[in-house]
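Since the structure comes first, as structure tokens, the remarks are kept for the end.
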Amino acid sequence: MIVSINGESMSERDPIKVYDARWEEGEFDDAAVRRLFESALIYGRSLGVENVTITRDARLAGPRVMELAMEVALGGGFRTFACIGPLSTPQSYYLAHRTTVLHGPTMGLAITASHNPGRYIGAKFTVPPVRAVGLDCGPEGGLTRVREIFHGGERLPARGHGRLHIVDVSGEYVDYSLRAAPVADGELDGISVVLEALNGAAGDEIYRALDRAGVDVTPLDLIPDGRFPLGAPNPTSHGKMDAAVAVAAAQEEGAVGPLVIGVDGDGDRLVFGDGSGMLSAGFASIAVLRSERFGGPDTGPAPVLYDPKVNPVALELWGRYPVAPLLFRNGHSQIKDYMEATGARFAAEESGHYYHHLGLEGIEINAENSVVTSLRFLKGVHERPELLSEMRAAESRVFSTGELNFRLSSGEAVTRALGEIVDAFRTEGASIVTATPDGIDLGGTQISRGVNLTPGKIRLADGWYTGYLRESTNEKAVIRAFFTAGDRASGEEAASRAIALLRSRFDAQQIE
């Protein structure tokens, strides 16, 4: 079979990325998008799937792509459960979880491009029970197998016309998340929160859960709007939370708060802070971990995962809980798989992704649930109000650039630039790490100087810094960089060295 893109035959190009599928509007025609979903469903059927859930976020291209996904699923005879209105990716995971419990093995198709600019669209895929798949991640290779099918001749045989069920599980999802946190109605009375939803799909469900919990919520940009008038719906981008922080700073101080919560376009990326500014995920995790449920005193420290950008000072403070932090790579599908392999009940990425071990009627999964994360953060602070000032004081000890994004001329230029940056830091004596202690590729390069992260023996020398650099997996020819350090001078010096090389040698342009 030959798939066409804008009327041209295609033998190698496809929309599949490392963690999901992602493309710009108009980059692939309807035939290619149908083929993507056909390939995914062929793969799903090989795993025993006969049920499909289909959801979308607020993106303007979402309805058309959702129509194509439904068309393929129903034509293939699948029992199809669809939520028509915009909702978050975590709620889509709950729908797949619930459908698996009620009807058996289910494949989940979530139409979203996450925090990317509005011109992007895509899809995230789960297989039973609710296992996110990526390239070389998942049964039979996950999206690697889907890519093989996409470029091959295998077709999805029709099995009669499938049955469509239009569902709305938003209320159930809020109920479930409150129980999973666990937080009772009214339990968080006395907390005030400014909620910045960035016109994405998750504001409604988070607002309702916080309101049920007794939180006094001031909503900003709550209404889903796929035009994203504030720009790319990424709360970790520079300046995106400034308005919310200003609103919180202007409000009267209450028993706890006002705090600030920001959420991305599809609701699986969160940031936390207050009127003084935002916390990084590593430090915010301290409050989340306080409300996480670990084993008893005889089970030993519980494994929890962190990505290469989590600040070592934050990791030092994680030690107040019965946990054993394990370094792992970025990527939602890969992290969830590693949680399963290690028995981890929690994971955090500095990009604002938090992962929990969740159960529903005996079926357990590892997934994002931003309602649960928000409730556990607030519960941790509610139980120990001084925790916020402690997290703030700890973070004030360090410098962080946040995520820096640079567009280059080509993928080949990205490869050369990353190599030159790493070589420059290595020459100056920095440690270079590209794999976890058990040999799993980090998907990027961690650079550090003066940092010893031996478990239980974290040591930081004067002038220490860490950095993490990688090629973007969902935007073309983009390098993502992140630096943190024990003081501003060391952090800015390390970051400026990389930025200067990118600009002088590769004419890189900084983007959101």
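Quick note: the coordinates plus some simple rules give every number you see, no bench work behind them. Source: prediction; values computed, not measured. All Cβ positions, glycine included, derive from the backbone under ideal geometry; neighbour counts span all protein chains shown.
Values for this structure:
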quantity: Among beta bridges that DSSP assigns inside the chain, antiparallel share in %, nearest 5; calculated: 65
quantity: Neighbour-count order for LEU404, LEU210, fewest beta carbons within 10 angstrom listed first; calculated: LEU404, LEU210
quantity: Mean ellipticity per residue at 222 nm, deg cm²/dmol - from DSSP H runs of n ≥ 4 across the chain, formula -39500 (n - 2.57); calculated: -10500 deg cm²/dmol
quantity: VAL323 long-range amide H proximity, modeled H, under 5 Å; calculated: ALA302
quantity: Listed peptides 43-54, 405-416, 439-450 by packing density, highest first (mean Cβ within 10 Å); calculated: 43-54, 439-450, 405-416
quantity: P(r), alpha carbons of region 64-187 - 5 Å bins starting at zero, rounded %; calculated: 2, 9, 16, 21, 22, 15, 8, 4, 2, 1, 0, 0
quantity: Relative packing of 181-188, 465-472, which averages over residues the other C-beta atoms within 10 Å, highest first; calculated: 465-472, 181-188
quantity: Cβ crowding within 10 Å averaged over residues, with 246-253, 80-87, 192-199 ranked highest first; calculated: 192-199, 80-87, 246-253
quantity: Scattering curve values for the chain, log₁₀ I(q)/I(0), Debye with Cα scatterers, q = 0.10 Å⁻¹; calculated: -0.76
